[in-house]
Amino acid sequence: MNTIAPRPVDAVIAAVREFLGDRLSTAQAIREQHSRGEDQTPPTLPDAVAFIETTEEVSRVLALCHRHEVPVVAFGAGTSLEGHVNPVRRGISLDLSRMTAVLEVNPEDMDCLIEPGVTRQQLNDFLRDQGMFFPVDPGSVCTIGGMCATRASGTNAVRYGTIRENVLGLEVVLADGRVIQTGGRARKGANGYDLTRLFIGSEGTLGVITKVRLRLHGIPEAMSSAVCQFPDLESAVNTTIVTMQSGIPVARIELIDADQMEACIKYSKLEGLRATPTLFLEFHGTQAAVKEQAEGVEAIAADYGGEGFSWATDTETRTRLWQARHDAYWAGIALIPGYRGITTDVCVPISKLAEAILGAKADAVASGFTTCIVGHVGDGNFHQIILFDPKDPTGLDRAWELDRRIVARGLALGGTCSGEHGVGLGKREFLEAEHGAEALAVMRGIKASLDPKGILNPGKMFRN
């Protein structure tokens with residue numbers, strides 16, 4: 001009689017269940033929740049989902065998966081836009097969202113130690129009474145561990161830097177279950193390889209992050225937000241370029257094109273604004289500095305036809321304004337009922353921003369797509385939501401083709417295929433064009449050294 005040999009993953013599931021109990025799930029609904037992020041890649045069900053609560057548990061699961069050569073994909077909030085958490089080769093989805101402790105806060109040195117499932121919002125709520133905040137703001141409810149894995153950025157990066165500049169050290173579990181510490185509490189160091197930066201942006205392909213030590217910042221004495229609307233997209237972009245070249249230390253400068261503005265007005269009920277290209281700005285500092293910064297940008301905007309430059313210093317108005325900006329993705333998706341969207345993530349040198357954005361919009365019009373542009377334009381990064389009809393059998397393929405043209409232009413202008421969303425599945429094809437074959441071979445070599453059996457988030461960054 002023929003018998004079916006047990007699968008390696010079944011041995012792992014049985015062993016993990018012994019110490020996780022009901023925190024190891026094979027339920028269909030749970031597996032479906034962990035089959036994809038917010039992207040448009042086809043979902044893949046993991047064989048099981050492990051809800052992890054300690055570094056030791058991560059280590060034990062990885063050691064078992066390494067021994068049996070079973071794939072492991074780390075999962076946080078599931079908000080990724082490039083297919084990072086899609087378990088394309090099944091295996092175990094390692095859910096870290098329950099690791100939410102703030103382990104240390106050092107007010108004198110302005111740093112903290114947290115677990116990877118903590119979100120930016122949770123951390124800032126915890127810190128608020130201590131006069132400090134964590135500034136990296138991707139605009140969604142994502143975990144800080146996930147932000148480290150994808151090298152996230154966001155609206156405040158123009159002043160405070162990306163996640164890379166705000167991480168002092170990490171605890172990482174390697175593929176075989178070993179636990180290492182990188183970095184430390186000192187603000188600088190010149191010893192050994194910079195392993196912290198190696199794991200920042202590695203997308204769970206080199207190790208699983210289980211603790212993060214963050215640099216914190218003091219809450220500014222004064223904050224002021226502003227909105228300014230423009231007759232055309234080029235004028236708004238040129239205002240951004242001149243503002244940055246003038247050295248005005250804006251905290252945030254966000255571009256919203258006419259289509260995205262129409263979507264935001266409808267979705268967020270923004271009153272008193274028109275569906276024209278718009279800049280959202282924020283200034284941090286002393287009362288006098290904030291006033292001076294805002295007046296400087298207002299003068300530049302006026303030279304480019306900017307109108308309705310209005311300031312908001314009260315918390316309620318500022319919060320409402322930035323919540324509308326944070327909801328821009330969902331507003332864009334809702335602009336045409338029944339449509340879906342994919343989003344680009346191009347970043348170019350600031351001097352090339354107008355050429356990149358205007359060209360991307362022209363490509364969209366020529367292709368017959370409605371698109372919404374929103375961008376952290378102070379550092380040359382913009383996103384373009386390409387809306388497509390899921391009932392059109394060619395819609396998604398044509399949307400991806402438009403995305404390729406937008407990225408190709410960005411690369412030709414000296415930019416990158418991804419300013420903050422990462423590579424995952426969606427941007428793999430651009431890595432060699434951007435970095436070259438030799439550099440890509442070095443990356444593969446690092447992957448092979450740290451994960452020789454290829455169990456950590458396989459299929460991401462590289463096609464095999």
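The values are calculated or read from the model by the stated rules, or taken from the named source; none is laboratory data. The model shown is predicted, which means the values in this text are computed figures rather than measured ones. We place every Cβ from the backbone using ideal geometry, glycine too, and count neighbours over all the protein chains shown. Ligands, DNA and RNA are excluded from the accessible area calculation, which covers all protein heavy atoms including side chains. Shrake-Rupley method; radii C 1.70, N 1.55, O 1.52, S 1.80 Å.
Computing semi-axes √(5λ) of the Cα gyration tensor in Å directly from the structure and comparing it against (1) 31, 26, 24; (2) 38, 27, 20; (3) 36, 30, 23 singles out (2). When only Cα pairs below 8 angstrom with a gap of at least 6 residues are kept, segment 240-364 shows a relative contact order of 28 percent. By the scheme Lys and Arg +1, Asp and Glu -1, what is the net charge of all other residues having a beta-carbon under 15 Å from that of E298? Taking every other residue near E298 into account, the sum is -4. Take every pair of alpha-carbon atoms less than 8 Å apart whose residues are at least six positions apart; their mean separation over the length of the chain yields a relative contact order of 15 percent. Distant-in-sequence amide contacts of L168, defined by a placed amide H-H separation under 5 Å and a gap of 5 or more residues or a different chain, comprise R213, L214, R215.
What shape does segment 200-243 have by the C-alpha gyration tensor, where a ≥ b ≥ c are the square roots of the eigenvalues, rounded means a/c under 1.5, and otherwise prolate means a/b greater than b/c and oblate the rest? Here segment 200-243 falls in the oblate category. Figure note: L353, L273 ranked by solvent-accessible area, largest first, 1.4 Å probe, ligands and nucleic acids not counted: L273, L353. Would you work out if segment 308-373 is rounded, prolate or oblate? Take a ≥ b ≥ c from the square roots of the eigenvalues of the alpha-carbon gyration tensor; rounded if a/c is under 1.5, else prolate when a/b is larger than b/c, oblate otherwise. Since a/c reaches 1.5 but b/c is at least a/b, the shape of segment 308-373 is classed as oblate. Checking every one of the GluC sites (Glu not before Pro) in segment 8-89 against DSSP loop status and a limit of 15 other Cβ atoms within 10 Å picks out E69. For segment 214-370, what is the accessible area per residue in Å² when the probe is 1.4 Å? With the other protein chains kept in place, segment 214-370 gives 42 Å² per residue.
The mean sequence distance of close C-alpha pairs (under 8 Å, at least 6 residues apart), as a share of the length of segment 117-260, puts its relative contact order at 25 percent. Report, to the nearest whole %, how much of the accessible area of the chain belongs to carbon and sulfur atoms, 1.4 Å probe, protein only. With neighbouring chains kept in place, the figure for the chain is 51 percent. Each of K269, K352, K361, K188 has its accessible area taken with a 1.4 Å probe; listed largest first, they run K188, K269, K352, K361. Net length available on complete extension from R23 to A362 is 117.0 nm, with 0.36 nm assigned per residue and the Cα-Cα distance removed. If you count Lys pairs in the chain whose Cα atoms are under 23 Å apart, skipping same-chain pairs closer than 8 places in sequence, the total is 10. Applying 0.36 nm per residue to the separation of R463 and E307 and subtracting their alpha-carbon distance, the gain on full extension is 51.3 nm. The Cβ shell under 13 Å around G338 holds other residues with a net charge of 0, Lys and Arg each +1, Asp and Glu each -1. Taking a ≥ b ≥ c as the square roots of the Cα gyration tensor eigenvalues, segment 294-409 comes out oblate, since a/c reaches at least 1.5 and a/b does not exceed b/c. For segment 41-90, the solvent-accessible area with a 1.4 angstrom probe is 35 square angstrom per residue.
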